[in-house]
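For reference, the structure is listed below as structure tokens.
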Amino acid sequence: MRLTCHPPVFLAWGGFFYKMLLADRIVLLDEIQFARGFTWINRNRLKCDRGELWLTVPVWKRGRGLQKISEVEICNERGWTQKHFQSITQNYKRSPYWEEHRDPLGSLFEKEWKRLIDFNLALLGYLKTALKIEKEFVLQSCLGVRGRGRDLIAQICREAKADIYLTPVCGKKYLDVDLLEKSGISVEAYKYVDPVYPQLWGDFLPRLSVLDLLLNCGGKSLDVLENANAQR
């Protein structure tokens, strides 16, 4: 079985879902530490008339010390969900597939979420369904694996009975390949190519949330991802 891992990021980019396509199973690392500095766990990019549109989910950090991703709570004091959805609406209401996604997205942003992990999982679930990807997420916490460092991936593979670990080429340097191979797990690396597709607001911006792709390309979005990488 080919397994891969990834943190449960906010409004994930296309590379996340392409990795999911290549793997038999994807494990979301909800038990690893939530970074104190920049992280994609609670922020990502879309596009606006000025270029990048950054969306950040406010979370409680002060006095919380080191937190696992599964423990991070959202700060709901400033009406951020309404502001986020207003920003998305303002900048994508003229996109070809906005009407298709407006109401289901609106329902996700209307809800008052307590934990960041729950909001991220709801968004990731919606995005993968919209892309017509039928594979399911598995949480690290559900596997009962709480290792640290480079041994974590080997532990997850052993627990999930995987014999191949899938990683992007750029991520291979973070793996203990010798440890994995000694555990009977081979490492398979792949290269991801960002697709180029029609966007609103001028020049193309790569590596945005896959939501940008969905709102501009609709039901063709998965083909766009696959075709870009089939031609590499």
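The values are calculated or read from the model by the stated rules, or taken from the named source; none is laboratory data. Bear in mind that the values here come from a model prediction, so they are computed numbers and not experimental data. So basically every Cβ, Gly included, is an ideal-geometry build from the backbone, and we count neighbours across all protein chains shown.
One table, with the values for the structure above:
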| quantity | calculated |
| --- | --- |
| Which numbered condition GLU112 fails, given (1) part of a helix (DSSP H, G or I); (2) among the acidic types (Asp, Glu); (3) more than 18 Å from LYS47 (Cα to Cα) | (1) |
| Selected residue [assigned to a loop (DSSP other than H, G, I, E, B), at pLDDT 95 or above and not acidic (Asp, Glu)] from ARG148, ARG207 | ARG207 |
| Long-range neighbours under 6 Å by Cβ, at least six apart or interchain, first residue closer than 20 Å to LEU152 by Cβ within segment 3-29, second of a type in the set (S, T, N, Q) | PRO8/ASN120; LYS19/THR4; ALA23/THR4; ILE26/THR4; VAL27/GLN140; LEU29/GLN140 |
| Selected residue [of a type in the set (A, V, I, L, M, F, W, C), closer than 21 Å to THR39 by Cα and at pLDDT 95 or above] from TRP60, TRP98 | TRP60 |
| Contacts under 7 angstrom Cβ, first residue in segment 64-83 being surrounded by 13 or more Cβ atoms within 10 Å (Cβ to Cβ), partner of a type in the set (Asp, Glu) and outside any loop (DSSP other than H, G, I, E, B), 6 or more apart | THR81/GLU110 |
| Pair list, Cβ < 7 Å and 6+ apart or interchain, from segment 143-163 residues that are loosely packed, with under 14 Cβ neighbours inside 10 Å and among the acidic types (Asp, Glu) to residues that are modelled with pLDDT of 95 or more and in a helix (DSSP H, G or I) | none |
| Subset of segment 109-139 (residues that are surrounded by 14 or more Cβ atoms within 10 Å (Cβ to Cβ), over 20 Å from ILE88 (Cα atoms) and in contact with a strand residue (DSSP E or B) (Cβ under 7 Å, 6 or more places away or on another chain)) | ARG115, PHE137, VAL138, LEU139 |
| Segment 84-108 - residue that is in a helix (DSSP H, G or I) and of a type in the set (Phe, Trp, Tyr) and, of those, surrounded by the most Cβ atoms within 10 Å (Cβ to Cβ) | TYR92 |
| Wholly enclosed strands (runs of 3 or more DSSP E) of segment 1-62 bearing at least 1 residues surrounded by 15 or more Cβ atoms within 10 Å (Cβ to Cβ) and not hydrophobic (A, V, I, L, M, F, W, C) | 2-6, 25-28, 43-48 |
| Which numbered condition GLY65 misses (of (1) touching a Pro at 6+ places or on another chain (Cβ under 6 Å); (2) at positive phi; (3) not polar (S, T, N, Q)) | (1) |
| Residues of segment 114-135 that turn out to be under 18 Å from the mean Cα position of the chain (by Cα) and in contact (Cβ under 8 Å) with a residue 24 or more places away in the chain, as a count | 15 |
| Selection from segment 172-201 of residues that are within 20 Å of the chain's Cα centre (by Cα), in contact (Cβ under 8 Å) with a residue 40 or more places away in the chain and part of a loop (DSSP other than H, G, I, E, B) | LYS191, TYR192, ASP194, PRO195 |
